[in-house]
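Please read the structure below before turning to the comments.
The values are calculated or read from the model by the stated rules, or taken from the named source; none is laboratory data. As the structure is a prediction and not an experimental result, all values here were calculated from the model. Cβ placement follows ideal geometry from the backbone for every residue including glycine, while neighbour counts extend to all protein chains displayed. Remember, those area values only see protein heavy atoms, side chains included, never the ligands or the DNA or RNA. Shrake-Rupley method; radii C 1.70, N 1.55, O 1.52, S 1.80 Å.
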Amino acid sequence: MQAARLIETDIVLLGAGHAHLEVLRRFAMRPEPGVRLTLIGREPETPYSGMLPGLIRGDYTHQQAHIDLAPLAAAANARLIMVEATAIDLAARVVTVAGRPAIEFDLLSIDVGGIPVVPDGAGVGVKPIGRFLDRLRSLEPKLSDNARIAVVGGGPAGAELALALAVRFAGRFRLVLVSASPDPIQTAPAAARRAVRQALVEAGVELACGVTATGLRDGRLALSDGSCLDVATALWTTGVVGLDFLAASGLACDAAGCVHIDATLRSVSHPYVFAAGDCAALKGSPRPKAGVWAVRAGAPLAENLRRAAQRRSLKRWHPQRDALVILGLGHGRAVAWRNGLSIRGRKVWWLKDRIDRRWMRMYTDMQMAPDPDAPMRCGGCGAKVGAEVLAGALATLSRTGSPDLLDAADDAAVLRPPAGKLLVQSVDHFRSFLDDPFIFGQIAAAHALSDLHAMGASPWTALAIASVPYAAGRKMRAELAAMLQGATEVLRGDGCTLVGGHSAEAAEPALGFAVTGLVDAGKVLRKGGLQAGDRLILTKPLGTGIILAAHMRGQARAQWLLAAIRSMRATNAVAARIAMAHGSTAGTDITGFGLAGHLDEMLNASCVAAVLRLKAVPALPGARVLAAHGIESTLAVDNRRPIAGLDQLETALLVDPQTSGGLLIGLPPRHADACLRAMRDGGLDAAIIGEVEPAREGAGSIRLE
């Protein structure tokens with residue numbers, strides 16, 4: 001969670017390259033007052049390029065070779081936005097992203113890597129590394145045994161990749177390394193070249209040296225000398241070019257489309273833009289496109305971003321002329337060289353492994369420092385914002401008319417209820433638990449609509465109640481607009497019209513809605529309709545409270561957080577429609593009181609009891625793991641009353657407060673299986689978790705199996 005503070009400078013880190021990881025680490029160790037960091041990343045995890053060959057060989061697990069962005073961003077108090085950037089508008093100072101509002105910046109740092117130079121249809125580029133691993137895994141089953149694979153590029157990256165693949169394939173596929181130079185790793189010392197060539201020969205890798213690959217067609221890789229190689233596919237480790245949108249933005253770029261930067265890592269054409277890694281070109285002192293230079297640029301980049309925010313003079317970066325190169329040969333051996341000297345053997349591999357693991361620990365072992373004066377409270381379940389801020393935010397929303405809406409431009413909305421319909425009204429409001437305002441808006445809207453769906457009503461209208469921290473008018477307008485755009489997308493998807501609202505300044509963002517639904521008389525679904533024998537269906541997995549609590553402590557993996565977000569963004573419209581169609585007898589939505597608390601309300605209202613099967617209760621990925629480590633929401637303790645005395649670990653999910661949780665539906669036994677099938681066919685992760693039984697005097701209302 002962003003701590004409440006005045007935001008003076010928005011620094012957007014575009015891309016999760018190695019340099020930006022170091023920026024996050026340094027801002028986590030020493031936060032900058034008045035600065036808000038936002039990290040825009042394509043994937044939730046960043047692979048460490050130094051460990052890629054070891055990961056391919058099987059020396060490391062996926063988790064050992066990847067940095068999870070969610071805990072790192074949380075430690076740095078940075079917003080994490082998982083989306084792909086499509087453009088940069090330098091005049092407006094915004095990054096355009098797919099499927100959501102643009103993200104504003106005062107300072108922009110770019111570390112998005114590069115695109116391999118691969119002829120059309122000629123195979124697979126090794127970069128971006130994360131996507132290459134997925135492509136490699138999908139490629140392997142499609143290749144026949146003894147298929148021949150070309151690795152194009154005779155530099156250290158190509159040679160090490162070929163050696164790693166030789167270990168991975170273990171003779172199943174043949175490998176050929178295509179090198180434009182007479183020897184692989186031509187710029188290395190002679191002893192290192194001999195060591196690598198020997199390792200390639202021993203691994204059974206064919207060598208095609210002194211030629212370049214020009215294209216692949218019909219299984220034949222064309223070479224510059226006019227000959228061809230019969231191959232099933234080609235993996236390219238040759239040079240990279242910048243992403244198209246960099247040059248298209250108007251940034252000064254080199255011939256390869258990489259951002260021209262000076263010795264301060266700042267764009268030579270736009271002083272509020274910085275760049276590092278493969279997407280940057282250091283003017284007058286170019287460096288190879290290798291991970292080591294991105295790593296070394298991280299510290300000076302962090303310092304100069306801090307100085308730029310403080311409006312201080314920037315420091316020049318003086319990179320070393322040569323870097324230490326350590327190349328894994330496989331089977332516990334490696335070769336290293338620098339300044340014309342080289343060494344090889346098992347101790348070199350031990351050194352490389354030690355260096356890589358130590359580097360990873362800098363980013364994976366970070367902990368958020370708790371505020372001793374303010375105990376952490378879980379999110380989830382003043383002054384009025386200026387008129388120009390609110391008007392500007394509302395202007396970003398596309399308007400949809402409603403025949404029942406007579407006037408929304410006056411002091412209040414005027415509506416005509418449809419004839420024969422009952423009105424169902426509810427209100428929900430909570431402070432932000434995610435630093436992505438667009439996603440938070442979507443979840444807040446889905447959560448507010450749940451009460452309507454739980455009663456069988458169709459959403460009709462909504463009024464928003466929004467709070468944003470004080471900042472410059474432009475920043476407040478952007479924050480409010482992003483929240484409302486996310487919310488409107490969800491409301492509109494369920495047929496609900498946003499007809500007005502109220503906004504205010506507050507210490508931290510908050511959003512809620514007063515919602516109104518329509519339902520036919522006699523078709524209201526209530527809590528008190530359960531009968532003995534009814535089956536209980538839960539329509540979403542549990543665990544949002546646990547995962548959000550872990551995220552606030554920097555202990556939730558990004559994949560777990562993303563799964564929870566997907567669940568929370570989804571409304572209960574489909575579940576409610578299917579439940580009503582199958583004759584549901586009672587229903588409620590699972591929110592702040594947890595499954596046990598809301599089930600207890602239904603049982604008391606129906607004068608019955610229930611048995612729950614713990615193993616049948618669905619859980620979000622990571623929820624049980626985190627619960628086993630003692631992570632829980634602050635409200636969980638109060639939620640234990642209905643199942644007091646039972647094992648806390650076994651019942652952790654039952655008392656976990658849910659944000660935008662699922663529905664709990666009661667159905668006659670003859671309809672339950674068909675209803676469950678329909679829900680699963682509709683894409684819901686629903687489950688029958690128990691059944692209703694007669695109440696027993698002196699016994700609790702909930703029994704566990």
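Worth a mention:
- Of the criteria (1) farther than 30 Å from ILE7 by Cα; (2) buried (at least 24 other Cβ atoms within 10 Å of the Cβ), which one LYS523 fails: (2)
- Some residue of region 544-558 being charged (D, E, K, R), modelled with pLDDT of 95 or more, under 30 Å from GLY630 (Cβ atoms) and buried (at least 20 other Cβ atoms within 10 Å of the Cβ): no
- Tabulated pairs, region 569-590, first aromatic (Phe, Trp, Tyr), second surrounded by 21 or more Cβ atoms within 10 Å (Cβ to Cβ), C-beta under 8 angstrom, 6+ apart or interchain: none
- Restricted to region 1-73, the set of strands (runs of 3 or more DSSP E) holding at least 2 residues that are in contact with a Ser or Thr (Cβ under 9 Å, 6 or more places away or on another chain) comprises 9-14, 35-41, 66-68.
- Residues that are over 27 Å from the mean Cα position of the chain (by Cα) and open to solvent by 20 Å² or more (accessible area, probe 1.4 Å), drawn from region 435-464: ASP451, MET455, GLY456, SER458, TRP460, LEU463
- Residue in region 644-684 that is surrounded by the fewest Cβ atoms within 10 Å (Cβ to Cβ), counting only those that are charged (D, E, K, R) and under 27 Å from the mean Cα position of the chain (by Cα): ASP681
- Boolean, THR585 is of a type in the set (Ser, Thr, Tyr), open to solvent by 20 Å² or more (accessible area, probe 1.4 Å) and farther than 29 Å from ILE439 by Cα: yes
- Some residue of region 685-704 being assigned to a helix (DSSP H, G or I) and either over 30 Å from the mean Cα position of the chain (by Cα) or under 28 Å from PHE433 (Cβ atoms) (or both): no
- The condition of being open to solvent by 10 Å² or more (accessible area, probe 1.4 Å), under 19 Å from ARG344 (Cβ atoms), touching a Lys or Arg at 6+ places or on another chain (Cβ under 6 Å) and in a helix (DSSP H, G or I) holds for only one of VAL167, VAL201, that being VAL167.
- Matching residues, region 495-517, being open to solvent by 30 Å² or more (accessible area, probe 1.4 Å) and either at pLDDT 90 or above or acidic (Asp, Glu) (or both): GLY495, LEU498, GLU505, GLU508, ALA514
- Of all residues making up region 517-556, the number that are in contact with a Lys or Arg (Cβ under 8 Å, 6 or more places away or on another chain) and among the charged types (D, E, K, R): 1
- Among residues of region 331-343, those that are surrounded by 22 or more Cβ atoms within 10 Å (Cβ to Cβ) and among the small types (Gly, Ala, Ser), counted: 1
- Once region 91-140 is narrowed to residues that are touching a strand residue (DSSP E or B) at 6+ places or on another chain (Cβ under 6 Å) and in a helix (DSSP H, G or I), the residue that is most open to solvent (accessible area, probe 1.4 Å) is ARG135.
- Against the criterion of being under 24 Å from PRO156 (Cβ atoms), open to solvent by 20 Å² or more (accessible area, probe 1.4 Å) and either modelled with pLDDT under 95 or of a type in the set (Phe, Trp, Tyr) (or both), GLY284 does not qualify.
- Positions within region 427-459 being of a type outside the set (Lys, Arg), in a strand (DSSP E or B) and over 20 Å from GLU489 (Cβ atoms), in sequence order: VAL427
- Residues in region 596-634 that are in a loop (DSSP other than H, G, I, E, B) and touching a Phe, Trp or Tyr at 6+ places or on another chain (Cβ under 8 Å) were compared, and the one that is surrounded by the most Cβ atoms within 10 Å (Cβ to Cβ) is LEU620.
- Here the condition is being more than 15 Å from the chain's Cα centre (by Cα), modelled with pLDDT under 95, open to solvent by 20 Å² or more (accessible area, probe 1.4 Å) and of a type outside the set (Gly, Ala, Ser); of PRO71, PRO33, it holds for PRO33 alone.
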